[in-house]
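In what follows, a single structure is set out as structure tokens and then discussed.
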Amino acid sequence: MAVEVHVTGRVELGRFGEFTAALEPWTSYRASRGRAPVRVLQALSGPMNEVRMVFVYEDLGAYEREEREDAVDPEYARLASAMPFVEGTLEYTVYSELG
């Protein structure tokens, strides 16, 4: 059963341009490693500078495998840490479809 992972976070004030510049190398690296594609959404209401990243996986196991591999990949860590999120604001929610 497919799952969606939604990651929300707030970008540091004054650094949204830096965030958008960091997205391209991060998404390109993910694609080069065969990772799940990601859609990045900017909130038009709610907390200032909030973004949501949406990933779709074939099943929960695929998500867990990707997380394990990324956790020990120094290049992934370098690219992901270039996105200037406010510390402590990243929240992960995993959804499955009803029915």
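Any read-out appearing in this document is the output of simple, stated calculations on the displayed coordinates, not a laboratory observation. Just so we're clear, the structure is a prediction, and the values are computed from it rather than from any experiment. FYI the Cβ positions are ideal-geometry reconstructions off the backbone, even for glycines, and counts take in every protein chain you see.
Give the relative contact order (percent, whole number) for the chain; include only Cα pairs under 8 Å separated by 6+ residues.
Values: 143 pairs, mean separation 50.6, N = 99.
In percent, rounded to a whole number, it is 51.
Would you mind working out the magnitude of the charge dipole of the chain relative to its Cα centre, with +1 at each Lys and Arg C-beta and -1 at each Asp and Glu C-beta, to the nearest 20 Debye?
Charge dipole, the chain, about its Cα centre: 260 debye, nearest 20.
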Most mobile listed residue (GLY46, GLY14, GLY34) in the chain, GNM with C-alpha springs under 10 Å: GLY46
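Tell me, in nm to one decimal, what length is gained between GLN42 and VAL54 on full extension, where the rule is 0.36 nm per residue of separation less the Cα-Cα distance? Walk me through the intermediate numbers first.
On the way: separation 12, 0.36 × 12 = 4.32 nm, distance 1.14 nm.
Result: 3.2 nm gained on full extension.
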Sum of side-chain charges, GLU66 neighbourhood, beta-carbon under 12 Å (Lys, Arg +1; Asp, Glu -1): -2
Folded to 0 to 90 degrees: helix 60-71 orientation relative to the chain principal axis, Cα: 50 degrees
Potential extension, ALA62-GLU91 segment - 0.36 nm per residue separation minus Cα distance: 8.5 nm
Cα convex hull volume per residue for the range 1-93 (Å³): 99 Å³
Helix 16-32 axis, angle to the chain major axis (alpha carbon atoms, nearest 10°): 20 degrees
